[in-house]
Amino acid sequence: MNDYAQTVMAFDYGTRRIGVAVGQTVSRTATALKIVHAKNGNPRWDDITKLIDEWAPDMFVVGKPSYDDGRRHPLDDAIERFSRRLTGRYSRSVAFVDEHLSSYEASQTAISRPHALDADAARVILRTWFEQMPSTDQVVN
């Protein structure tokens with residue numbers, strides 16, 4: 001259990017674009033940051049490193065899509081690989097959150113900013129994770 005605020009960085013993984021958001025466990029606020037471009041599923045790691053250096057997150061949250069019938073999503077393997085690489089490169093833990101409908105919800109708030117959809121989806125993912133936290137002193141490590 002932690003009795004201090006943690007900064008959390010969230011990712012909405014895609015093979016061409018990865019939305020990034022950041023938030024804080026005490027206030028449980030989430031802010032869309034930017035979109036990191038990827039080529040064939042490989043992100044621009046230098047761009048992610050710059051964000052991590054700037055925001056110094058204590059951990060990561062990665063959205064994982066799901067189907068109502070329990071089938072694995074086609075991006076599951078790529079998301080798991082991305083998450084392992086985050087942990088390996090930056091020595092921080094990763095928590096997953098069901099991102100079911102996060103892009104749809106983000107699209108409802110990003111209508112005036114369609115270029116920010118992926119970052120807004122990451123914000124929704126992080127907000128969802130905060131809502132699932134039992135309390136600020138029980139953050140996953």
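Hand me the chymotrypsin sites (Phe, Trp or Tyr not before Pro) from the range 1-93 located in a DSSP loop with no more than 11 other Cβ atoms within 10 Å, in residue order please. Show your work: numbers first, answer last.
Details: sites: TYR4, PHE11, TYR13, TRP45, TRP55, PHE60, TYR67, PHE82, TYR90; in loops: TYR4, TYR13, TYR67.
Hits after loop and neighbour filter: TYR4, TYR67.
Just to check I understand the Karplus step: with θ = phi - 60° and J = 6.51 cos²θ - 1.76 cosθ + 1.60, what whole-Hz values come out for the range 39-56, glycine and proline as x?
10, 6, x, 9, x, 6, 4, 4, 5, 5, 4, 4, 5, 5, 4, 6, 9, 6
With each pseudo-label sitting 7 Å past Cα toward Cβ, what's the ASP53-LEU75 distance in nm, one decimal?
Each label point lies 7 Å from its Cα, and together they span 2.7 nm.
Sort the range 6-81 into rounded, prolate or oblate with this rule: let a ≥ b ≥ c be the square roots of the eigenvalues of the Cα gyration tensor; rounded if a/c is under 1.5, and if a/c is not under 1.5, prolate when a/b is larger than b/c, oblate otherwise. Please report the intermediate quantities before stating the final value.
On the way: a/c = 2.46, a/b = 1.31, b/c = 1.88.
It comes out oblate by the Cα gyration axes.
How much length is gained if the chain between ASN40 and THR15 is pulled fully straight, taking 0.36 nm per residue apart and subtracting their Cα-Cα distance, in nm to one decimal?
Details: separation 25, 0.36 × 25 = 9.00 nm, distance 0.57 nm.
Taking ASN40 through THR15 to full extension adds about 8.4 nm, to one decimal.
If I model a spin label as a point 7 Å beyond the Cα along the Cα-Cβ vector, how far apart are those points for MET133 and ARG89 in nm?
2.4 nm
Throughout, read-outs are computed from the coordinates displayed, never taken from laboratory work. It should be emphasised that the depicted structure is a prediction, and the values quoted were computed from it without experimental measurement. Every residue, glycine as well, gets a Cβ built from its backbone with ideal geometry; the counts of neighbours run over all protein chains shown.
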